[in-house]
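Every number in this text was worked out from the coordinates using simple rules, so none of it is lab data. Every value quoted in this text rests on a predicted model; they were computed, and no experiment measured them. FYI the Cβ positions are ideal-geometry reconstructions off the backbone, even for glycines, and counts take in every protein chain you see.
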Amino acid sequence: MDRIVVAGGRRLLGTVDVSGSKNASLALMAAALLGEGETVLRNVPRLRDVDGMLQILSALGAHAGFDPHDPHTVRILADPVDTPEAPYELVRKMRASFMVLGPLVARFGHGKVSEPGGCAIGVRPVDQHLKGLEALGAKTELSRGYVECRADRLRGARVVFDVSTVNGTQNVMMAASLAEGESVLENAAREPEVVELAEFLVRMGARIEGAGTGRIVVEGVPRLRGIEHRVAGDRIEAGTLAAAAVATRGDVLVRGVDPRAMEATLAKLRETGAAIDAADDSFRVRAFEAPRAVDVVTAPYPGFATDMQSQLMAVLTLAQGSSVVTETVFENRFMHVPELLRLGAEIAVAGRSAHVRGVERLSGAPVMATDLRASAGLIVAALAAEGETCVSRVYHIDRGYERIEEKLRGLGASIRREA
């Protein structure tokens, strides 16, 4: 089992390019099931989760894989799909795989998907997905760990989500694109990945308005076609690199991402005292002093992303003063706290809030990653700590960060991967 070893204490300096968005790629790959003809996705990151989605699409009968001539281009031909069942051994590895259900029932009339897995960061039920699909006329059945949906033709309907759900919004929006008539999605998620998916579907021939707001209107069409698309840069990876720059008092130019998609993250890092200059598809982070303490509350977009919570907490362990980090999205997303304590952090958890008292320095120690974003937070802390930190169970970070150690090494970090 691989581990990442970091000798901390070095300022990060230089320029780094962000990979394509993991979350956007997974949704777009599921949407390819809707299109007649080939879909080509460029700027797709080489990640465990992407490989998992390719395996699921292939199990369904689609021709799906990376282009042998371009390591970041995926080609998907969904026309041959003949087994609309996503098996447990594949779906259990990541939650986003459940998004194939809407496209399957919309285009092929039948979908059977195992209840999903993913990081153990809290309860993330699929009831909102099913509520939306049932409103569109799908007949659903839950049996022996599988969800099965059938419909000769979905019909437009009004769907009011009880909570803001990114994958739920995406799943129902995809299904509604091939439904008969108009669908209105209320309390829809506003994340940039929802907007990118909507724009992608429109280019495929869908009729969608309102993406990026809480009300999305979809006018169903008879068919969609495969297209070519370049995936946007990963705003969470960009935020992680920015947090690492602040924690190490570095000077880093992050390229290949739209700063407007991560305004809450950059605003909070500015509050810590960092200077951040944004351009169209890049931003520069400069930090020369210990960060200032700040309070933060995670929230659905456009609020502060829960996926950036552990990385910011790592920064705040070195802040001047005390900070409060409140997690409102997932109930079990402080599992990185005991590991940060091993590095010398002072953190007390009370319910959904973590009280962080900044210390002058962290010290390297063996730590264990518990989930994808927790592993990123531990690496941020390790980069700033004195001495050597060994992060084990880094298969978590490989789910969402492409060659993270190589990118950080390019900025001057002493970091290596060991088997």
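Using the alpha carbon gyration tensor of region 318-389, what are the three equivalent-ellipsoid semi-axes (square root of 5 times each eigenvalue), largest first, in whole Å?
For region 318-389, the ellipsoid semi-axes come out as 19, 15, 9 Å.
From largest to smallest, what semi-axes in whole angstrom does region 22-230 give when each is the square root of 5 times an eigenvalue of its alpha carbon gyration tensor?
After diagonalising the Cα gyration tensor, the semi-axes are 22, 19, 17 Å.
May I ask for the net charge around Arg11, where only other residues with Cβ less than 11 Å from the Cβ of Arg11 are counted and Lys, Arg are +1 while Asp, Glu are -1?
Neighbourhood net charge equals +2.
If you count, for each residue, the other Cβ atoms within 10 Å and average over each peptide, how do 160-166, 39-45 line up from highest to lowest?
Those peptides, ordered most packed to least, come out 39-45, 160-166.
So which GluC sites (Glu not before Pro) in region 258-362 pass both tests, a DSSP loop state and at most 15 other Cβ atoms within 10 Å of the Cβ?
When the GluC sites (Glu not before Pro) of region 258-362 are filtered for loop state and at most 15 Cβ neighbours within 10 Å, Glu289, Glu331, Glu360 remain.
Return a single number: how many Lys pairs in region 22-230, at a sequence separation of 8 or more or on separate chains, have alpha-carbon atoms below 19 angstrom apart.
Lysine pairs meeting both conditions in region 22-230 amount to 5.
State log₁₀ I(q)/I(0) for the chain at q = 0.10 Å⁻¹ as given by the Debye formula over alpha-carbon point scatterers of equal weight, solvent excluded.
Debye curve over Cα of the chain, log10 I(q)/I(0) at q = 0.10 Å⁻¹: -0.66.
Using per-residue counts of other Cβ atoms within 10 Å, averaged over each peptide, order 350-359, 193-202 from highest down.
Sorting 350-359, 193-202 by mean packing, highest first, produces 193-202, 350-359.
Ranked highest first by the average count of other Cβ atoms within 10 Å around their residues, in what order do 104-111, 21-28, 136-143 fall?
21-28, 104-111, 136-143
Out of His396, His129, His69, any idea which swings most in a Gaussian network model of the chain, alpha carbons joined below 10 Å?
Comparing His396, His129, His69 in a Gaussian network model of the chain, the most mobile one is His69.
In terms of Cα to Cα distance under 13 Å, which aspartates and glutamates are near enough to Lys268, apart from those fewer than 8 places away along the same chain?
Reachable aspartates and glutamates: Asp295.
Using helices alone, what [θ] at 222 nm do you get for the chain, with -39,500 (n - 2.57) per DSSP H run of 4 or more residues, divided over all residues and rounded to the nearest 500?
Result for the chain: -8500 deg cm²/dmol, rounded to the nearest 500.
So how do Phe283, Phe330 line up by other beta-carbon neighbours within 10 Å, fewest first?
Going from sparsest to densest Cβ surroundings: Phe330, Phe283.
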